[in-house]
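These notes concern the structure reproduced below.
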Amino acid sequence: MIKARLKERLDQCFVEGVKEGSWTGAAEGLYSVEEPKHAAHGDFSTNMAMIIAGKEKKKPRDVAGLLVDLLASHTDLLKKVEVAGPGFVNFFVNNAVWQSVPRVVNEAGSDFGLSDIGKGKRVLVEFVSANPTGPLSVGHGRQAVLGDAIARLLSATGYDVTREYYYNDAGRQMRVLGESTRARYLEQLGLPSEFPEDGYQGEYIDEIALELKDEVNDSLKDTEDVTVFKERAEKAIFKDINNTLNRMGIHFDHYYNEHSLYEDGLVDDVVSCLRDKGLVYDSDGAVWFKTTEFGQEKDRVIIKSTGEPTYRLPDIAYHREKFRRGYDWMVDIFGSDHIATVPDVLAGVRALGYDDSKVTVVLHQFVTLMRDGKQVKMSTRKANFITIDELLDEVGPDVVRFFFLMRKADSQLDFDLDLATTQSQENPVFYVQYGHARLTSILKKNEETVNIELPSVDSAPLHLLELPEELNILKAMASYPDLVKNSALDLTPHRIIFFLQELAGQFHSYYNKHRVISDDIPLSQARLWLVRALRIVFRNGLNLVGVKAPDTM
RNA sequence: GCGCCCGUAGCUCAGCUGGAUAGAGCGUCGGACUUCGAAUCCGCAGGUCGGGGGUUCGAAUCCCUCCGGGCGUACCA
């Protein structure tokens, strides 16, 4: 918020400089305002002089001097402006500006950090999209948490967000699921059965079969058609998946069934559209899509010689529907094993005349589970994987969410089960939550025992907040709205996590060094307002990543 | 072979469109509770930013190349 104000002033000065003939407009939009790493370099700095000097073959420090002169009139915001290093212009902001932050935060309350940069734009976030063949794995969990956090960020920045789950309840996988369930059912009855070679071996199938047996006895023993078994299993598994997602506080606005694409003829239509454009041909009994026309190495099969489509075709049809449904931006969250489909789908939508730059794919790398310092090998088929449910049982939703968001999507994630379970009190999520609980506790202490009367935030003596620690906390809070915007636009929720950890660190340190409530009444009042503001920022930040902000722990 | 991702402290990772002395947590070691919650804090130690070139005022960040790891490279999803 302060940074944006400064940038405005700077832009004015730039224009003035052009008007006065000090420089040309060549550097417009190329310079930036940054937050220096070292406090000695000010609260903010700009490289404007160096950029201009580069364009105009002048000395950076001379240009910087001219800029400083232009800035001389902006004393309300700045207490000091100086030229440093190779030509940086460093800004020192008036304390009064920082001291106004609690006012802004408290007035905005739960709206602090929200913005409207996405106003009027509809965005579709597709994530999880697991087919109902088994419980959600930790990989799905990462995706669920990531997608949800991204959706929250986009909502916070004003986008009209739809969360969508795309699934397929038809096809080969589901047939195998039905066969597996039937085999287990027959086993329960003590009848001979043939478990499919590539069947699903998880215990959840046994449970489904057992329930089925209890309900219908042996009335299905001669049923050769696996449909009834498939549907039974699908229903149970989907219920399970939804329970798991609910436990994490994740909800979808819409479930999109791949099968409906076939029923509505949309898959066939894609083929004929592409064929009309000459981008499809028949060879070896299969139908091929000329992906080479879109810069790829070789063409891809979209309909197998058996007449069944490959996964690419419905994916293309699905994405075309996303466009047709009128979204301005489509965000797909995929596991890195789906990387191969991305170029095909994008080529498909481009071939159909849509702007594929409206699709952003967030690929997240795998989660490897570590137990006893060793990697746990996992496979859905073999059912030797750890489910998200099990993880939730052990550490709870807050830790799961926090852990999955601690790393950016494109780094692999080692989930240390030992740390997450046995040593959970050392988990960083508690560090942040404890910060919030502590803030609450201070306010409670005052309300219940000390009773320092708190004037309105407008009349509170906030100018007394002048300790370096206090000013740093104020600065951190002031940077929060920009952080939310940038995290949203870049789809990088992990930055919120890092910010919260940083802020918690600042607060804990401050807490241990200085007392909020003391005999000095005006100072206590100012600090109580600081605490209130800080608590709001914690709440808003935690809420943005879907982690609870507890008052007590 | 080719494509994408990753390689930063003992371990796990941050580092926004290239910026001025590279950060945090965990771990090690040593300290701090008669005061708002010690699930906390303070301090010490720890680095050729995988290697080598290049681009420029300036590179962990951009380009090239090599090395190492992951995921793909299906008429599986």
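Since every read-out is calculated from the coordinates, none of them should be taken as a lab result. Just so we're clear, the structure is a prediction, and the values are computed from it rather than from any experiment. When we count neighbours, we look across all protein chains shown, and the Cβ atoms used for this are built from the backbone with ideal geometry, even at glycine.
How much length, in nm to one decimal, is gained on full extension between A:Glu263 and A:Thr24, taken as 0.36 nm per residue of separation minus their Cα-Cα distance?
The A:Glu263-A:Thr24 span can extend by a further 79.8 nm.
For segment A:425-515, run through the trypsin sites (Lys or Arg not before Pro) and keep only the ones in DSSP coil with at most 14 other Cβ atoms within 10 Å of their Cβ.
In loop regions of segment A:425-515 (DSSP not H, G, I, E or B), the sparsely surrounded trypsin sites (Lys or Arg not before Pro) are A:Arg515.
Starting from segment A:243-300, pick out the GluC sites (Glu not before Pro) whose DSSP state is loop and whose Cβ has at most 16 other Cβ atoms within 10 Å.
Those satisfying the criteria are A:Glu297.
What dipole magnitude, in Debye to the nearest 20, does segment A:172-224 give about its Cα centre under +1 on Lys/Arg Cβ and -1 on Asp/Glu Cβ?
160 debye
What are the ³J(HN,Hα) couplings of segment A:58-68, residue after residue, when phi is run through the Karplus curve with 6.51, -1.76, 1.60 and θ = phi - 60°? Round to Hz, x for glycine and proline.
10, 7, x, 6, 5, 4, 4, x, 4, 5, 4
Taking a ≥ b ≥ c as the square roots of the eigenvalues of the Cα gyration tensor of segment A:172-240, is the shape rounded (a/c under 1.5), prolate (a/b larger than b/c) or oblate?
Note, shape of segment A:172-240 comes out rounded.
With N denoting the number of residues in segment A:224-365, provide Rg(C-alpha) divided by 2.2 N^0.38 Å, to two decimal places.
Taking the Cα Rg and dividing by 2.2 N^0.38 Å, one obtains 1.18.
For segment A:395-553, what is one quarter of the convex hull surface built on the Cα atoms, given in nm²?
Quarter of the Cα hull surface area: 10.2 nm².
Modelled label-to-label distance, A:Ser336 and A:Ser518, 7 Å Cα→beta-carbon offset: nm?
5.1 nm
Looking at segment A:197-278, what % of the alpha carbon pairs are farther apart than 19 Å?
Tail fraction, whole percent: 60.
Determine the dipole magnitude for segment A:2-93: charges of +1 sit on the beta-carbon of Lys and Arg, -1 on that of Asp and Glu, nothing else is charged, the reference point is the Cα centre, and the result goes in debye to the nearest 20.
Charge dipole, segment A:2-93, about its Cα centre: 200 debye, nearest 20.
For chain A, what is the calculated [θ] at 222 nm in deg cm²/dmol (nearest 500), taking -39500 (n - 2.57) for each run of four or more DSSP H residues and dividing by its residue count?
Result for chain A: -16000 deg cm²/dmol, rounded to the nearest 500.
Looking only at chain A, where both bridge partners belong to it, what percent of the DSSP beta bridges are antiparallel (to the nearest 5)?
Given both bridge residues lie in chain A, the antiparallel proportion sits at roughly 50 percent.
Take the Cα coordinates of segment A:121-275, assign each an equal point scatterer, and use the Debye formula without solvent to give log10 I(q)/I(0) at q = 0.08, 0.14, 0.19 Å⁻¹.
-0.31, -0.80, -1.12
Which one, A:Ile536, A:Tyr431, A:Ala478, projects farthest toward the positive side of the charge dipole computed for chain A from Cβ point charges (K/R +1, D/E -1)?
A:Ala478
Treating each Cα of chain A as an identical point scatterer and ignoring solvent, apply the Debye formula and state log10 I(q)/I(0) at q = 0.12, 0.13 Å⁻¹.
Once normalised to I(0) and log-transformed, intensities are -1.21, -1.30.
Would you tally the net charge around A:Ala437, using a Cβ to Cβ cut-off of less than 14 Å, leaving A:Ala437 out, and scoring K and R as +1, D and E as -1?
+4
How large is Rg over Rh for segment A:74-180, taking Rg from the Cα atoms and Rh as the Kirkwood inverse mean of 1/r across Cα pairs?
Expressed as Rg/Rh, it is 1.30.
Under a Cβ-Cβ cut-off of 15 Å, what is the net charge of the residues other than A:His364 that fall near it, where Lys and Arg count +1 and Asp and Glu count -1?
Every neighbour counted, the sum reads -3.
Work through the residues other than A:Thr492 whose Cβ is under 14 Å from its Cβ and net out their charges, Lys, Arg +1 and Asp, Glu -1.
+2
Given the options A:Ala108, A:Thr75, A:Leu136, identify the residue whose Cα lies farthest towards the positive end of the charge dipole of segment A:75-145 (+1 on Cβ of Lys, Arg; -1 on Cβ of Asp, Glu).
A:Leu136
Could you size up the charge dipole of chain A around its Cα centre, putting +1 on the beta carbon of Lys and Arg and -1 on that of Asp and Glu, and report it in debye to the nearest 20?
Magnitude of the dipole: close to 2000 debye.
In chain A, with Lys and Arg counted as +1 and Asp and Glu as -1 at Cβ, which of these residues, A:Thr306, A:Gln412, A:Leu523, has the Cα nearest the positive end of the dipole, that is, farthest along it?
Value computed over the given set: A:Leu523.
Let me test this: with uniform point scatterers at the alpha carbons of segment A:1-138, what is the Debye-based log₁₀ I(q)/I(0) at q = 0.20 1/Å?
Taken in order of the listed q values, log10 I(q)/I(0) reads -1.15.
Dimensions of segment A:87-145 along principal axes (Cα, Å, largest first)?
60, 35, 24
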